[in-house]
Structure formats: C-alpha cells, structure tokens
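The values are calculated or read from the model by the stated rules, or taken from the named source; none is laboratory data. Note that the structure is a prediction, hence the values are computed from the model and not measured. Because the Cβ atoms are built from the backbone with ideal geometry, glycine has one as well, and the counts that use them run over all protein chains shown.
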Amino acid sequence: MAGTVAGRATGDDVAVTAAGRATGGDVAETAAGRATGGDVAETLAAMGPRLRAAREHRGATLTGVGCATGISPSTLSRIETGRRKPTLEVVLLLAKEYGVSLDELAGTAPAPAAKPPVSAPQRFGDDKVVLPLTQYVGGLHAHKHVLPAAEDPSARPRQVSHGGYEWLCVLYGRLRLALGGQDLVLTAGDVAEFDTRTPHGVANAGSDGPVEYLIMFGPQGERLRPRTPPAPVPPTR
C-alpha cells in the first residue's frame, strides 16, 4: 500500500521534498519563518502576482520553470493566479529559481534608499554657470563655477563682502581674484582661502575660453581642516 501511495506522488511533491532538503535550514532566517502560522498562510496566499512578476522579469516561461523545478506548468499557473496556495517549500524553490529573496516575494523587503535630488546647473545673466555639489543644509557648501571668456580681461571684478569663510581652487583657465586691495591671477591648481568679510570678487582673466573653479564656503566660518602636512616639493634639476 505504501508503495502504491508513493508511486502516485506528483512532480510537485518531489519538488517540495527537494526544496525542503535544499533550503530548510534557511527557513528560520526568513520573514515567513519568523511569522506565526496564520501570517504565513496569509502571506503565501498573496504571493501569486509577485511570483508571476519574478518569472516574467527573468523572461522565463511556465514550461521552462516547470522543467527546471519539477512543478507542472498548470500548477504554476494556478499559483500565480491565486487559484492555488503554494506551500512554503514551493515558494523557496521558486525564489531560488528566480534569484529573489523570500522577503521580496512576501513584500517585506526594505525599500531602497532614496537618492538625493540632483541639482541642475544655475545660470546667471552674465552667462556664469554654478553647479551645487552639496544637497544638505548647514555646514560647508561646495559649488563648481564656470565663467565665460571675458570681453575685457583687465577689468577689475566688482567686490562684495559677507559673513563666512571661502576656499577656492582653479580647475581650468585663469581666474582674476580681487581680494581687498590685492589683485591676483590664479591658474589651474592654484588655491586661495579668505574670510569673506574681506571685500572680494572674481572674473575670468582670459579672453580665449572659460575658467572653471571650485568653491567650498562655510557660511558660519567653517573651514577645511588639513589632516596631513604639506608634501615636500621635490628639488628641481
């Protein structure tokens, strides 16, 4: 009699048994494994649409999944449409086949972290472009500035003053910095830092192309804090 019953076992039963042997140790680590019996039944009953979505995302057919898992395509179809509730072992087997976690199928996976908004470049009337590089409020602010070629590179920039502290680094081109009574021309790699209560202003010092530079600004006087000593300058030959 036992042999007759075993002989009538379906492919689904074989798949369930295989899944139980392969993943039974992982059940305790899943959300469903931690839930109560009633919660598990309810969760399993609602998995049909997610199983179908996972299969379609993989580009797999019911027939292909059936061949890979031993579960008949008709049974898979009934599970996906909610006409049949899958067992936990079958869900584990399908999760492995689709490459998804049980939490994803149960709808309990944590939502992906929200990405910070990307700031669009800001354009001004003098064709200056400013690209904010930081999104948070407070602390140091970073911006990239691009100034177009100057019509009169010798003209002294208009100066302003305000609270805070600024660090500036030229990336490309030549930048004229009017700082108090000083008039400096900075080139790529040059750095300047100053208390912004000192009257200051910048302009493109060239007429043949743009100048690009970075600004780190601390509105409350925040400054960059070097943690390493300056590298020694190699001797010239």
Of the residues in segment 188-209, those that are of a type in the set (Ser, Thr, Tyr) and farther than 19 Å from residue 128 by Cβ come to 198
Quick one: which of 99, 64, 38, 82 is at pLDDT 85 or above, farther than 30 Å from residue 135 by Cα and surrounded by fewer than 12 Cβ atoms within 10 Å (Cβ to Cβ)?
-> 99
Scope segment 198-218; condition at pLDDT below 95 and more than 26 Å from residue 127 (Cβ to Cβ); matching residues | 218
Do any strands (runs of 3 or more DSSP E) entirely within segment 130-237 hold 1 or more residues that are touching a Phe, Trp or Tyr at 6+ places or on another chain (Cβ under 7 Å) and surrounded by 18 or more Cβ atoms within 10 Å (Cβ to Cβ), and if so, which?
-> 141-147, 165-172, 174-179, 200-204, 211-218
Can residue 105 be described as modelled with pLDDT of 85 or more and not in a loop (DSSP other than H, G, I, E, B)?
-> no
Cβ pairs under 9 Å, 6+ apart, first in segment 148-168 and farther than 19 Å from residue 127 by Cα and at pLDDT 90 or above, second exposed (fewer than 13 other Cβ atoms within 10 Å of the Cβ) and among the polar types (S, T, N, Q) | 163/220; 164/220; 165/220
Residues satisfying the stated conditions in segment 169-212, i.e. in contact (Cβ under 8 Å) with a residue 12 or more places away in the chain and of a type in the set (Gly, Ala, Ser) = 173, 178, 180, 188, 189, 192, 201, 203, 205, 206, 207, 209
